[in-house]
Amino acid sequence: MRKESDPREHLGLVQVYTGNGKGKTTAALGLALRAMGNGLKVAMVQFMKSDQYYGEYRISQMLPDLTLLPMGRSCLVYEGKAKQEDYDAAADALEKAKELLHSGKYDMVIMDEVNVAVHMGLVDVDKVVDVIKGRPPRVELVLTGRYAPQEVLDLADLVTEMRMIKHPYEKGIKARDGIER
C-alpha cells in the first residue's frame, strides 16, 4: 500500500505537449483531471480558443477545482493574417497565465496553445521564457500546442511530441463535438 503524501511537495516542473498529432490539449486535460483527483487546483488559460465550441469549457463549469479561461477570439486565426485583436487577446492571455501562476491559488497552470501563439508571432517567445523562468516553486506549468520553440523545449522537464500517423480528417471527417472540440 502506498503512503499518502502531499502531492504539492513534488510540483514545480515544466511540461510541454507539442507536435502535429492530435492530443496535446487532451493530454493536458487528462493531467488536470488526475491533479484534481489528488486534491490539487488547476487553472487553464486557452490562448487560441473561445468558450463557444469546446466541451472542456462546459464541463469546467461543473468542476470547482478547475478554472478554465478561454481567451482567444471566436474565429480562427490564420498565420500571417492576424488582427490587432488577436495580438491583444494573446497578450492578455499571457498576463493572465502569469497572474494565475503567482496567485497562490493554483497547483498547476496550463497554457493551452501558447506554442501556436508564439509560432504565429502573437506572443514573443522571450516573454514566454520569462514566465517559465519566473514561475514560483511548487506550481506545475504545462504548455501545449504544436510548434514549441526550442527556447521552451530547453527549459522543459518533460517534452512529449504527438505525431500524426493517421487522422479522420484525411477521409473528410470534420471535427466532432465531444472528440475534437
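Of Thr67, Thr25, the sequence from fewest to most neighbouring Cβ atoms within 10 angstrom is Thr67, Thr25. Mean-square fluctuations from a GNM of the chain, with a 10 angstrom spring cutoff on Cα atoms, peak among Met71, Met162, Met108 at Met162.
Counting Cα-Cα pairs of the chain in 10 Å increments starting at 0 gives whole-percent bin shares of 9, 38, 37, 13, 2, 0. Ranked by how many other Cβ atoms sit within 10 Å of their own Cβ, fewest first, the residues Lys41, Lys133 fall in the order Lys133, Lys41. Sequence-distant contacts, meaning Cα pairs under 8 Å at least 6 residues apart, place the relative contact order of the stretch 17-171 at 34 percent. A straight Cα-to-Cα reach below 16 Å connects Lys127 with the aspartates and glutamates Asp88, Asp92, Glu95, Glu99, Asp112, Glu113, Glu151, Asp154, residues fewer than 8 places away in its own chain not being considered.
Taking other C-beta atoms within 10 Å as the exposure proxy, Ile165, Ile59 rank Ile165, Ile59 from fewest upward. Hydrophobic, long helices, defined as DSSP H runs whose alpha-carbon span along the helix axis is 18 Å or greater and whose mean Kyte-Doolittle value is at least 0.5, occur in the chain at 24-37. Put a dot 7 Å past the Cα of Asp124, heading toward its Cβ, do the same for Lys166, and the two dots end up 4.6 nm apart. Once each of the GluC sites (Glu not before Pro) sitting in a DSSP loop with at most 16 other beta-carbon atoms within 10 Å is removed, the chain keeps 80-181 as its longest stretch.
Bear in mind these aren't lab numbers, they're just calculated from the coordinates by the rules spelled out. Being a predicted model, the structure only gives us computed values, none of them experimental. Note that we place each Cβ from the backbone using ideal geometry, even for glycine, and neighbour counts take in every protein chain shown.
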